[in-house]
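K.L.:
Structure in structure tokens, see below.
Every number here is computed from the coordinates shown, using simple stated rules; none is lab data. What you see is a predicted model; the values in this text were computed from it and never measured. A quick note on method: Cβ atoms are made from the backbone with ideal geometry, for glycine too, and the neighbour counts reach across all protein chains shown.
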Amino acid sequence: EADSYPATIAGDRSYTLTTKAGFIQCDEAGWQGELLSRQSDLELDGEYGGCSATALKYPTLAFANSCRNTLHVDSGGPPRVAQLGISCEEGVDTIEFKTYLNKELKTLLCTTKVRPQQGLERVALEGLGTGPERTVSVETEAHGVEYEQSGKGCAKETRTDGSIVSEATLQGTDQSEQQIGLFVGEGG
């Protein structure tokens, strides 16, 4: 919820996707969306930058395509929790990560595609601060993520043993780009 509507919400976040082949970490990730009214479902555009794969830090490019992250806030609490989802406008779209051997991006090692899916748990939500400086902390540790991998450096397969770990602090702004308070549920 927000102090006023419509509200633009945005925040930087850490993002790590773990698969059978290893992990992809994006250090320059973010979320952005809009609240038009009080609602329990929130769609957020994901941004993925500064990505690398495995401890060797292979350069990785990320493409959200038409996909958005969704948060479905469960009633009840505290603590307040939500379920993470991935929805895409086109039935064939995915969030796609392309991992390369070197920074010249000439040798593609592995392509990882995170498919549309809903109901991934667990997302913890916490209101922080007071007044117009109120923000919402979003900590995600979702397991059972479905993904597909293929390429020279990974086996071609579809699996459901992935995980997404992410932390973000969301801030709200009104139409004049002034910060407004965000909160979870009745007063936060």
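K.L.:
In sequence order, what are the phi-derived ³J(HN,Hα) couplings for region 167-176 according to the Karplus relation 6.51 cos²θ - 1.76 cosθ + 1.60 with θ = phi - 60°, rounded to whole Hz, with x for glycine and proline?
P.N.:
Working through the residues one at a time gives 9, 8, 10, 8, 10, x, 9, 8, 5, 8 Hz.
K.L.:
Largest first, please: the extent of the C-alpha atoms of region 20-123 along each principal axis, to the nearest Å.
P.N.:
48, 29, 22
K.L.:
Under 16 Å from a label point 7 Å along Cα→Cβ of residue 148: give me every residue in region 44-77 with its amide N that close.
P.N.:
63-67, by backbone N distance to the label point.
K.L.:
Sticking with this one: In region 7-30, whose amide N lies under 15 Å from the spot 7 Å out along Cα-to-Cβ of residue 179? List them in ranges.
P.N.:
8-12
K.L.:
Please sort by residue number the trypsin sites (Lys or Arg not before Pro) in region 151-187 whose DSSP state is loop and whose Cβ has at most 14 other Cβ atoms within 10 Å.
P.N.:
Filter output for region 151-187: 152, 156.
K.L.:
Cross-link candidates for residue 113: which lysines have Cα within less than 19 Å, leaving aside residues fewer than 8 places away along the same chain?
P.N.:
Partners within reach: 20, 57, 98, 152, 156.
K.L.:
Run the simple label-point estimate for residue 167 and residue 41 please: 7 Å along Cα→C-beta, distance reported in nm.
P.N.:
3.0 nm
K.L.:
Hey, could you pull the Cα Rg and Dmax for the chain, both in Å?
P.N.:
Answer for the chain, Rg first and Dmax second: 17.2, 52 Å.
K.L.:
Oh, and also: Using the beta-carbon distance between residue 34 and residue 12 and R0 = 22 Å, what value does 1/(1 + (r/R0)^6) give for FRET efficiency, to the nearest 0.05?
P.N.:
0.80
K.L.:
Give, as ranges by residue number, the residues of region 103-121 whose backbone N falls under 15 Å from the point 7 Å along Cα→Cβ of residue 160.
P.N.:
115-121
K.L.:
Can you compute the charge dipole magnitude of the chain about its Cα centre, using +1 on each Lys and Arg Cβ and -1 on each Asp and Glu Cβ, nothing else charged? Give it in debye, rounded to the nearest 20. Working shown, then result.
P.N.:
On the way: 16 positive and 29 negative charges, 201 e Å.
For the chain, the charge dipole is close to 960 debye.
K.L.:
Taking amide H positions as placed in the peptide plane 1.01 Å from N, state which residues far from residue 181 in sequence (5 or more) or on other chains have amide H under 5 Å from it.
P.N.:
For residue 181, the qualifying residues are 3, 134.
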